[in-house]
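**Q** Before anything else, here's the structure in question.
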Amino acid sequence: MLGVQPNESAGSAMRLLLAEDDQMLGAGLKRTLQRVGYTVDWAMDGEEAIAAARAQDYALILLDLGLPRVDGLQALLEIRAQKDLTPIIILTARDRPDQKVEGLDGGADDYVVKPFDLEELLARIRARIRHSEGRSGDVLVTRGVALDLAARTTTLNDQAVALTAKEFKVLAALMRRMGQFVNKDELESTLYDAAAEVESNTIEVAIYGLRRKLGADLIVTARGLGYMTPLKS
């Protein structure tokens, strides 16, 4: 049993529900999702998934169709019947076109066939959460800061702020993964190609500049984890 209570967590904006009855796949997915910063509740049958969705607000639901007790498709229909608009990604081995149509018409936002690429799934999760929060893929917004990836402009409380190229790239990397820590190596990879010589303090200099221009609380640092831009306050 999940033991989820309504409004259990103040951080529920980044809480996911994983509905998967395969022990090995479910455990691996839960570990991976937790590693990248999500809180994960794991339901192993359809009844448990429906009950969890009623009790807790989730940022997104990952739903297997081949669930015991209540089939995943029926669980999907029951969740949607409750006027629950939580983004739902189906994860399933059912790959016939008519099965995909049935899942999408039933209210799923995306349909991913097993086996799947893990990085692609994580990208789909981020995209669905962005969409549900009203953020487009080109403009990222948090705490008064708006980053337009296409125009390469930055504003703070609707006032233009000039960033260096490196500051912009570092901030874009952080805001694409809001609420998750990004380590220094990952940030360096956004600035340098594999053959380039990396300057040891480049990231620290960029972070200092961003905090000075956009506010000290925009970027959180944790030893051993890296840097993070928090979600909207």
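The values are calculated or read from the model by the stated rules, or taken from the named source; none is laboratory data. Quantities reported herein were computed from a predicted structural model and do not represent experimental measurements. In this analysis, Cβ positions are derived from the backbone assuming ideal geometry, glycine residues included, and neighbour counts consider all displayed protein chains.
**Q** Condition first: of a type in the set (K, R) and crowded, with 23+ Cβ neighbours inside 10 Å. Now tell me which residues in segment 54-70 satisfy that.
**A** None; the set is empty.
**Q** Applying the selection to segment 19-69, what residues are under 23 Å from E102 (Cβ atoms), in contact with a helix residue (DSSP H, G or I) (Cβ under 6 Å, 6 or more places away or on another chain) and not β-branched (V, I, T)?
**A** A19, E20, A43, G46, A49, A53, L60, L63, D64, L65, L67, R69
**Q** Name, by its number, the condition in (1) closer than 29 Å to R177 by Cβ; (2) modelled with pLDDT under 90 that does not hold for Q82.
**A** Unmet for Q82, out of (1) closer than 29 Å to R177 by Cβ; (2) modelled with pLDDT under 90: (1).
For every residue, the table says whether it meets (1) more than 22 Å from L33 (Cα to Cα); (2) surrounded by fewer than 18 Cβ atoms within 10 Å (Cβ to Cβ); (3) in contact with a Cys (Cβ under 8 Å, 6 or more places away or on another chain).
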site	(1), (2), (3)
L91	no, no, no
G103	yes, no, no
L122	no, yes, no
V145	yes, no, no
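**Q** Exactly one condition in (1) closer than 21 Å to L231 by Cβ; (2) in contact with a strand residue (DSSP E or B) (Cβ under 8 Å, 6 or more places away or on another chain); (3) in contact (Cβ under 8 Å) with a residue 24 or more places away in the chain; (4) charged (D, E, K, R) is false for R94; which is it?
**A** (1)
**Q** On the basis of being buried (at least 17 other Cβ atoms within 10 Å of the Cβ) and at pLDDT 90 or above, does G215 make the cut?
**A** No, not satisfied.
**Q** Report yes if some residue within segment 110-119 is buried (at least 22 other Cβ atoms within 10 Å of the Cβ), of a type outside the set (K, R), more than 30 Å from R152 (Cα to Cα) and free of Cβ contacts under 8 Å to residues at least 60 places away in the same chain; otherwise report no.
**A** Scanning segment 110-119 turns up no residue that is buried (at least 22 other Cβ atoms within 10 Å of the Cβ), of a type outside the set (K, R), more than 30 Å from R152 (Cα to Cα) and free of Cβ contacts under 8 Å to residues at least 60 places away in the same chain.
**Q** Give all pairs with beta carbons closer than 6 Å in which a residue from segment 166-194 that is basic (K, R) meets a residue that is assigned to a helix (DSSP H, G or I) and modelled with pLDDT of 85 or more; count only pairs at least 6 apart in sequence or on separate chains.
**A** K166/A206; K184/I203
**Q** Only one of these conditions is not met by L29: (1) of a type outside the set (S, T, Y); (2) more than 14 Å from L91 (Cβ to Cβ); (3) assigned to a helix (DSSP H, G or I). Which number is it?
**A** (2) is the only condition that L29 fails.
**Q** Name the residues in segment 147-162 that are under 18 Å from D217 (Cα atoms), surrounded by 15 or more Cβ atoms within 10 Å (Cβ to Cβ) and in contact (Cβ under 8 Å) with a residue 12 or more places away in the chain, would you?
**A** Within segment 147-162, L147, T154, L156, V161 meet the criteria.
**Q** Something else now. Under the condition of being assigned to a helix (DSSP H, G or I) and of a type in the set (V, I, T), which residue from segment 115-142 is modelled with the highest pLDDT?
**A** The qualifying residue modelled with the highest pLDDT is I125.
So that you can scan it fast, the table gives a plain yes or no per residue for (1) in contact (Cβ under 8 Å) with a residue 40 or more places away in the chain; (2) under 18 Å from P115 (Cβ atoms); (3) buried (at least 16 other Cβ atoms within 10 Å of the Cβ):
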residue	(1), (2), (3)
G28	no, yes, no
Q34	no, no, no
D41	no, no, yes
M44	no, no, yes
A52	yes, no, yes
G72	yes, yes, yes
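**Q** Next question, about the same structure. Looking at segment 195-204, can you tell me whether even one residue there is at pLDDT 85 or above and surrounded by 15 or more Cβ atoms within 10 Å (Cβ to Cβ)?
**A** yes
**Q** Tell me yes or no: at least one residue of segment 35-51 is within 23 Å of G179 (Cα to Cα) and in a helix (DSSP H, G or I).
**A** Within segment 35-51 (the criterion being within 23 Å of G179 (Cα to Cα) and in a helix (DSSP H, G or I)), the answer is yes, since at least one residue qualifies.
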